[in-house]
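Please treat every number below as a calculation from the coordinates, not as lab data. This is a predicted model, so every value here is computed, not measured. All Cβ positions, glycine included, derive from the backbone under ideal geometry; neighbour counts span all protein chains shown.
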Amino acid sequence: MLLRFDSVVAGYGRGDILRGLDLDVPEQAVTCLVGPNGAGKSTALKTLSGLLKPRAGRILFEGDDIAGLSPARVLARGIVHVPQERSLFPLMTVWDNVLMGGHSMRDRGAVRRRAEALAERFPIVRERRNDRAGELSGGQQKVVEIARALMLRPKLILFDEPTMGLEPKTRHLIFETVARLHADGHTVLLVEQNARAGLAAADHGAVLDGGRVAIAGRGADLLADPRLGELYLGGSGPTANGSGGMNSPA
Amino acid sequence: MRWITPGGLLRGGGVFGLLAAFPFVERTDWIVNIGVFTLMYAGLATAWNLFSGYTGYISLGQAAFFGIGAYATGITFEHISIGSGYRPFYALPLIGLAVGLVSVPVAWVALRTRAMTFAIVTLMLLFIVQQLAFNLRSITHGSQGVAVPQPTFASNFDRPYYLAMLSVLALAMLICWYVRRSKLGLMLLGIRDDEEKARGLGVRVTGAKLIAWALSVGLTAMIGGIWGYYLFSIYPESAVDPLVMIGAVLMAFLGGKGTLWGPMIGAFVLVPAQQWALTSYGATRLYLIAYAGVFVLVLLLLPRGIVPSLADLVSRRRFRATDRPDVRPTVERVAS
């Protein structure tokens, strides 16, 4: 097991959002967290990446407790976070944005070689390298963010709602990119509002409710589980009409 | 991606080759004199750009370090016999290094503020240094000023100063070019774009800003040192003059702040015009009205400066040539 949340409690202000989260993330697999708003999906990622300090519990990464480490130290351990909001530097070029992902590497030659390799893998980086990142569409920016996240050859990639606000074609592009990362042997922890698409793209899934894991299992099994719909819609079965977060896939 | 391209080498070598040849071809004193001031402002604008253009922290107080550099030259003449002729020029790197290092604690405090507050803090710094120059009479001789012995050169009088200013400008351009392509440059541009995002990526923002500040201040002090030696007398009003900095900042804005060539181009457009106005209208300071007019025109017509506007124009033409859809947001299109 690459990552384990062990009874993690975390939150903002006086309130707890995560109330004893237990979750396992296996290596070289895509794990998807789904759940209604306020269930603690994004909070789990923020706590893991050091943006939020846990109040109790342990976060074991490769067997070491990394709970409470600073974002820089979490990054140094090989965990990169692609946040929900746009995180590129809009006035910098696409190329400079990708290079920023490797700024902590000492060997500048290696940084450039890695960026060139990623430009081959993500054509948008090659085609728009001298354009300002702010000139790209939302989906293109997300792909560049993913390329930047891969600069440090991470052991674990955290995606926080990567398809939020994107149109169906671009959502498809993002899920395709996640599938390619999976095929390349990366470990991905994905938070997704679009439960159907997220679980379909994942090997494993967990449904969060009230800051705890309510159901966990294989992604395909969870999709067929009637409890998933109950958690979203308060009693009805799984639906494809898009309400309550069970949006149809891209 | 290669650091040095044949085109870049040709451009840099060509421009600085022509500038170096200029005082040997044109020997008229007053024209070379204008050349000295043009290079001085080009150097000041480039040094300012190294910190403010790359980080987005607008400093209005660099003139304080210009004055400190000038006083450092005068005081060195007075207390340490460094001779005359070319020898004071050799002391400039030491002056730049010392002023740059001494300014770091000041910057560490000032950089706790951002945006307009930072601009005002640096402006206050300028007036504090000016007041110190007036009041520390044992060192600066107050309003009487520091007199620097007039040197004698075998050649044209202005030429050595011209070449000294050109050397510091070349050094400033070289540092800007290197920084822009280095890890430090990437960090500075990240800070300019969004400091919190840069910090989130693990960038050591304070360290990066302090390095850029020290380099910028060191270069500014060296230029001040040459200026003090050129004018023979250093007074608080002229050595620590807000107008010097306003001029340099305006030139950087006109040419394009945050670009390599922009500040220098801005200086080459504005300084000859300013010197002509000074010669024509004497001490009326009418050129200040022209400054204000240029500032308004820049804001209206070239809000991002000459170099970025030209780059946008070229980029748009290439965009059309490749027949790609213009996906730039409307605001960007309007701005450019």
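Worth pointing out:
- Chymotrypsin sites (Phe, Trp or Tyr not before Pro) lying in DSSP loop within the stretch B:32-110, provided at most 15 other Cβ fall within 10 Å: B:TYR86
- Environment charge of B:PHE127, counting only residues whose C-beta is closer than 15 Å and scoring Lys/Arg +1, Asp/Glu -1: -2
- Between 0 and 90°, nearest 10: helix B:92-110 axis offset from chain B longest Cα axis: 60 degrees
- Chain A: most fluctuating residue of A:GLY57, A:GLY15, A:GLY211 per GNM, C-alpha cutoff 10 Å: A:GLY15
- For chain B, the longest principal axis of the C-alpha atoms and the axis of helix B:62-79 are separated by about 30°.
- Highest mobility in the GNM of chain A, judged by mean-square fluctuation with C-alpha springs under 10 Å and restricted to A:GLY165, A:GLY138, A:GLY35, is found for A:GLY165.
- Principal-axis tilt of helix B:29-48 within chain B, Cα atoms, nearest 10 degrees: 50 degrees
- Only Cα pairs under 8 Å and 6+ residues apart enter the sum, and on that basis the relative contact order of the stretch A:3-245 stands at 26 percent.
- For the stretch B:22-241, the equivalent ellipsoid built from the Cα gyration tensor has semi-axes of 31, 21, 13 Å, listed from largest to smallest.
- Phi angles across the stretch B:287-302 convert, under the Karplus curve 6.51 cos²θ - 1.76 cosθ + 1.60 with θ = phi - 60°, into 3J(HN,Hα) values of 4, 5, 5, 4, 4, 4, x, 4, 4, 5, 4, 4, 4, 7, 9, 10 Hz, Gly and Pro given as x.
- In terms of other Cβ atoms within 10 Å, A:SER137, A:SER87 run from fewest to most in the order A:SER137, A:SER87.
- Here's how it looks for A:ASP209: its modeled amide H is under 5 Å from those of A:ALA214, which are all 5 or more places away or on a different chain.
- Under 5 Å from the amide H of A:ASP225 lies no amide H of any residue 5 or more positions distant or on a separate chain, with H modelled from the backbone and absent for Pro and chain starts.
- Among B:MET264, B:MET173, sorting on how many other beta-carbon atoms sit within 10 Å of each Cβ, with the fewest leading, yields B:MET173, B:MET264.
- Using the Cβ of A:ALA39 as centre and a radius below 10 Å, the other residues enclosed give a net charge of +1, where K and R count +1 and D and E count -1.
- Net +/- balance of residues flanking B:ARG180 in space, Cβ distance below 14 Å, scoring K and R +1, D and E -1: +4
- Averaging 1/r over every pair of different alpha carbons in the stretch B:53-116 and inverting the result gives a Kirkwood radius of 13.6 Å.
- 222 nm mean residue ellipticity, helices alone, for the protein assembly as shown (DSSP H n ≥ 4; -39,500 (n - 2.57); rounded to 500): -18500 deg cm²/dmol
- GNM result for chain B, Cα springs below 10 Å: residue of B:ARG114, B:ARG304, B:ARG285 fluctuating most strongly: B:ARG285
- Exposure proxy for B:SER138, B:SER167: other Cβ atoms within 10 Å of each Cβ, ordered fewest to most, give B:SER138, B:SER167.
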